[in-house]
1. Within the bounds of segment 58-69, is there any residue that is within 27 Å of the chain's Cα centre (by Cα) and either crowded, with 16+ Cβ neighbours inside 10 Å or over 23 Å from Ile274 (Cβ atoms) (or both)?
2. Looking only at segment 141-169, count every residue that is open to solvent by 10 Å² or more (accessible area, probe 1.4 Å) and under 15 Å from the mean Cα position of the chain (by Cα) and tell me the total.
3. Taking segment 39-71 only, how many residues are of a type in the set (Ser, Thr, Tyr) and at pLDDT below 60?
4. Whether any residue in segment 328-347 is open to solvent by 70 Å² or more (accessible area, probe 1.4 Å), within 30 Å of Gln91 (Cβ to Cβ) and hydroxyl-bearing (Ser, Thr, Tyr) is what I want to check.
5. Is there any pair linking a residue in segment 610-628 that is without any contact (Cβ under 8 Å) to a residue 60 or more places away in the chain and open to solvent by less than 30 Å² (accessible area, probe 1.4 Å) to one that is not β-branched (Val, Ile, Thr) and not in a helix (DSSP H, G or I), with Cβ under 8 Å and at least six apart or on different chains, and which?
6. What helices (runs of 4 or more DSSP H) lie completely within segment 301-395 and have 2 or more residues being in contact with a Leu (Cβ under 8 Å, 6 or more places away or on another chain) and of a type in the set (Lys, Arg)?
7. I'm checking my understanding of the structure. Among residues of segment 354-374 that are exposed (fewer than 15 other Cβ atoms within 10 Å of the Cβ) and not polar (S, T, N, Q), which one is nearest to Gln340 (Cα to Cα)?
8. Can you confirm whether segment 126-138 contains a residue that is free of Cβ contacts under 8 Å to residues at least 24 places away in the same chain, under 20 Å from Leu240 (Cα atoms) and not in a helix (DSSP H, G or I)?
Amino acid sequence: MPRSSTQRLTAALFCLGAVAVIATSSLATGQGIKTDSMRALEASVHRFAAAQDDPAGTLAGVLRDKREAKDAETLFWGHLLEARIRGLLEQPVAMDHALKAAEEQLRALPTASPLYGMAVRLQRLQLSTLTGNIDSLPEPVRRLAGETADAGSLRLSCEVKMLRAWVESETAMVDEAWRVAEQALACAKSLEDRELTASAYLQMGLLARGTSAGASARRTAYRYFRQAEDALGDRPARYLRSIIEWESGKTLGRDALLERERHFERARSLSDAIADEVGVAVASVDLAGIALQRRQFAKAVSLARAARRAYEQHTLMQRIPSTYAVTIAALAATNWEEAQREIDRAKSLDTERTATRESARLARTIGEAYAARQRYSEAYAELSRSVELEATARQEESSRLMLRLQATHEAAQREAENSSLLLRNESTRLQLEAARVRQERLMLAFGLALVVLLIGGFALVTVARERRSLAALAMRDELTGTPNRRSIRAIAEAQWDHCRRLKTPLLVAMIDLDHFKRVNDSYGHAVGDLVLQAFAQAASAALRAQDRIGRYGGEEWLLVAPGVLLEDVDALFSRIRSAFAAQVIPGLPRPHMLTFSMGAALDHERRTSLTSLIEEADDCMYEAKSGGRDRFHFRCVFQPIVDGISG
């Protein structure tokens, strides 16, 4: 997933002291720490503070010290510190390698404090922000926040709060993000940590700027960024200051051209002083945009191409389209032949992995360049594509928000059900306790009656257990553990109603295992049962969290997938097919060569019932069977219920 313009900041926001977090806590408690380790931790704390000023230089020293380290604990802190600094420098692959080394070293420290593991998990979550895997972060970040609060480490809890505030804002949970960000700011101030406080103000500024595009929101954000600068005091912190300057420039309006240029120049100068090539490139792209506004076309091209070379060197391919948007606009005004070559190069890089909004911006720039040359047909095509991509981006954001809200609702519902179950269990426990007391009293006078009561109590408990077991069996397929026909049908009905209300797509699919009877005839029903279990396990692992699959009967399955369109069916089928093919099934050769056929159908506005949707999927499944098996088939005749998506 391509990164947003604020993701460069996350490395600074959440890399401000995980080493200090554990060092401070461990040194205070003395748990699992030896004297030599204390010295290593203190050195790590000072090293990471230095990294806020010169990450590249500090990294060189860390790597040198790791080569000379002689004990497991010193190596662990060295690996973890390297991972933190790699995060600052936006080197996700190298950061992952350092984290794996830290995790391996931690396994050699059986007496280490649980806080060590929490520090590594915090880094793993931070790595996910660099690689763009944002949607999966809210739940693990919330769990870590709860664990760190229980662990009693104020600094670690403060670090996790800052990460959580950023994640909540990126997943559109703005109110929750503000609440947690205010807690993080108060926490940082109570620790009297200047870098942490400055980062908390940066987080508040980003939230203010993201809330609204108006001038008032920009002024509020700019004020927070200036407070971040003031919080640093006399600390050098050139890396962190470069980000403050860059975000300040991004916040000012386009009319404040001179002031924006000063901020970007300062950001680039600070990054250049510490050999932060990515930081120099990011600021250079914005300076190229200002040069373009001033019609300084040669300067704009030079700055953008220099930034592009830095992005290519660091394999930050998701940032490259922004450089082409500048160079194409500048060359279109000065050298059309070179602009045309630049357009061809840009189109070759515009793939499915490019962020939708970046593709839209690039298409708009190309369209405007064609229009300036009076090539109106090509201009119309590119501008139309830009409009379509913008609509797609809005739809993607809307779908992600819908799924996020749905997951939040389901989590809250599960929590309420768990609370209700706990209350019922406690009530049952108290009732049984009261019965036990009564039985003891009766024992004194009525021995025979006591025996009768004990037998009756045992019978009641047995009946209650049997009822609970039957209730579970009524909703689950006993063999595979997946929802049974009644349960998956109920799930489909609920998703039908939900998607109809929200006008979002709903796809159902019928799946049938090919030649399943031959397996039973050739290998026996026991192996056939193992095949069904293997398919259930493979399909469940290949689906998204919001998708559901249940056994519809025999070797037939019903799949319910909200938010999936017909063009996604190929990828969905391939994931399940690959996962099933990889299963090892006892009693069958390896590979087992078993396949399945799938028929898919999408809801549309003329459909009157879920039954007709399932019947169409069933018909398509039989067409897949007739077509040779081991394939999928779908048929879409009517317009889907989602506006702008055709069948």
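1. Checking segment 58-69: not a single residue is within 27 Å of the chain's Cα centre (by Cα) and either crowded, with 16+ Cβ neighbours inside 10 Å or over 23 Å from Ile274 (Cβ atoms) (or both).
2. Within segment 141-169, residues that are open to solvent by 10 Å² or more (accessible area, probe 1.4 Å) and under 15 Å from the mean Cα position of the chain (by Cα) number 4.
3. Looking only at that region, the number is 1.
4. No: segment 328-347 contains no residue that is open to solvent by 70 Å² or more (accessible area, probe 1.4 Å), within 30 Å of Gln91 (Cβ to Cβ) and hydroxyl-bearing (Ser, Thr, Tyr).
5. Ala624/Ser597; Ala624/Met598; Ala624/Gly599; Ala624/Arg631; Ala624/Phe632; Ala624/His633
6. Output list reads 356-372.
7. Of everything passing the filter in segment 354-374, Arg373 is nearest to Gln340 (Cα to Cα).
8. no
The values are calculated or read from the model by the stated rules, or taken from the named source; none is laboratory data. The structure presented is a predicted model; accordingly, all values stated were derived computationally and were not measured. Note: ideal-geometry Cβ built from the backbone for every residue, glycine included; neighbour counts use all protein chains shown. Calculation scope for accessible area: heavy atoms of the full protein, side chains included, ligands and nucleic acids excluded. Shrake-Rupley method; radii C 1.70, N 1.55, O 1.52, S 1.80 Å.
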